[in-house]
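Notes follow once the structure below has been shown.
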Amino acid sequence: MEGLKGFLKKGLGEMAFNTGGGAINWFPGHMAAATRAIRHRLKVADLVIEVRDSRIPLSSANADLQPLLAGKRRVVALNKKDLANPNIMHKWVRYFETCKQDCIPINAHSKSSVNKLLELVEFKLKELICREPTLLVMVVGVPNVGKSALINSIHQIAQSRFPVQEKMKRATVGPLPGVTQDIAGFKIAQKPSIYVLDTPGVLVPSISNIETGLKLALAGSVKDSVVGEERIAQYLLAVLNIRGTPLHWRHLNNRRIDGIEYDAEEKHEYNLKNLKPKRKNLPNRSDLVYVQDLVMDVQHALYSTVTEYGRNVEDESDLEDLIDKQFGALQKALKIPHKASESEARLMVSKKFLTLFRTGKLGPFIFDDVPDIKPVS
């Protein structure tokens, strides 16, 4: 991974992820106040659900809160498991078990998945349920890991389980990090009374490791405009190239969805943003074929550039040169007009490429490496 480290230092090393700003100020003012409120309420929480992104199980942890969380009943919910590599996910579960930490991969939009999480929470609270009339569960996590989506799913389950009299408020869910900016309480059970506190996503004021910051940006925990879409796309390409991922795309099944065709020469109006959850304009079957073909073109473009390049991607200069060539290949694959200026084209390429990645169209990934630790005897 030396080539990646060199590339980060040389090509992307002008960033400063800290509260003072530097090149990037990613710690908005409301986060400082929210962090203080979270610290205060953690003292009275009976259990904490710490939501992390399954693609970055370590990088999506708020390091400043870990000392406080270590002393609480806690369940680590690795959300967005549908976007994470299942061949590696079980290794992460085993890692957390080795660390004596309860962990469960979930999909916050899946009722069955959230039910399993609630069963684990109730098991963890079993002793307290017998003797406490009111219990408090707190949901914490960095921005955009799916806390609000989880809260909403818990509400739907609670409404079917308990005859709750008062109307329950739903959490606000948005595609951008930092939508929830205040702490709100929600009652999810009657006997005993169990309340869930939803909290705003908060980052740490300073991150010394640039790669950790870029992983958070890639996962959407920081607004793209703060870091820059092109920087994030460059990082994604660097990781894919170092891992040799494009080489694995050679043997992918290229079949179309049966019976659906569209004119490839005709301008297709489908917007890739509609792939994101909660969008009103769902893709029809023709749109799905268009996206499928677009993905295949992108994968083929990256495979071709890697195989034709033939130089050492572990060298940061060669890696930087390869990524520049890939931006040109992706412009063609993503059907970005040639009349666009170079800067405009690279921005459009970055946005579309990141959308395909974030919606899982390029495949499932986990970007953190499982630490090597010795089992506790």
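Readers should treat all values here as calculations from the given coordinates under stated rules, not as data from a laboratory. Since we're looking at a predicted model, the values are computed, not measured. As a convention, Cβ positions derive from the backbone with ideal geometry for all residues, glycine included, and neighbour counts pool all protein chains shown.
Tabulated values for the structure
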item	result
Whole-Hz ³J(HN,Hα) from phi, Karplus 6.51 cos²θ - 1.76 cosθ + 1.60, for segment 357-368, glycine and proline x	5, 5, 9, x, 6, 8, x, x, 9, 10, 9, 7
Full-extension gain in nm, Asn312 to Val226, via 0.36 nm per residue minus C-alpha separation	27.8 nm
Low-density loop cleavage sites - GluC sites (Glu not before Pro) in segment 281-349, where at most 10 other Cβ are within 10 Å (DSSP)	none
Amide H within-cut-off set for Arg52, under 5 Å, with H built and near neighbours excluded	Ala77, Leu78, Asn79
Burial ordering of Phe96, Phe123, fewest other beta-carbon atoms within 10 Å first	Phe123, Phe96
Those trypsin sites (Lys or Arg not before Pro) in segment 324-366 that DSSP places in a loop and that have at most 12 other beta carbons within 10 Å	Lys339
Fewest-first sequence of His300, His40 by Cβ atoms within 10 Å of each Cβ	His40, His300
Sites Ser160 and Ala37 - FRET efficiency at Förster radius 30 Å, r taken between beta-carbons, to 0.05	0.45
HN-Hα J in Hz across segment 83-92 - Karplus 6.51, -1.76, 1.60, θ = phi - 60°, x for Gly and Pro	9, 9, 5, x, 6, 10, 4, 5, 5, 5
For Phe365, distant residues with modelled amide H under 5 Å away	Ala84, Asn85
Alpha-carbon centroids, segment 46-124 and segment 313-345: separation in whole Å	37 Å
Full-stretch length increase - Ser286, Lys100 - with 0.36 nm per residue and alpha-carbon distance subtracted	62.1 nm
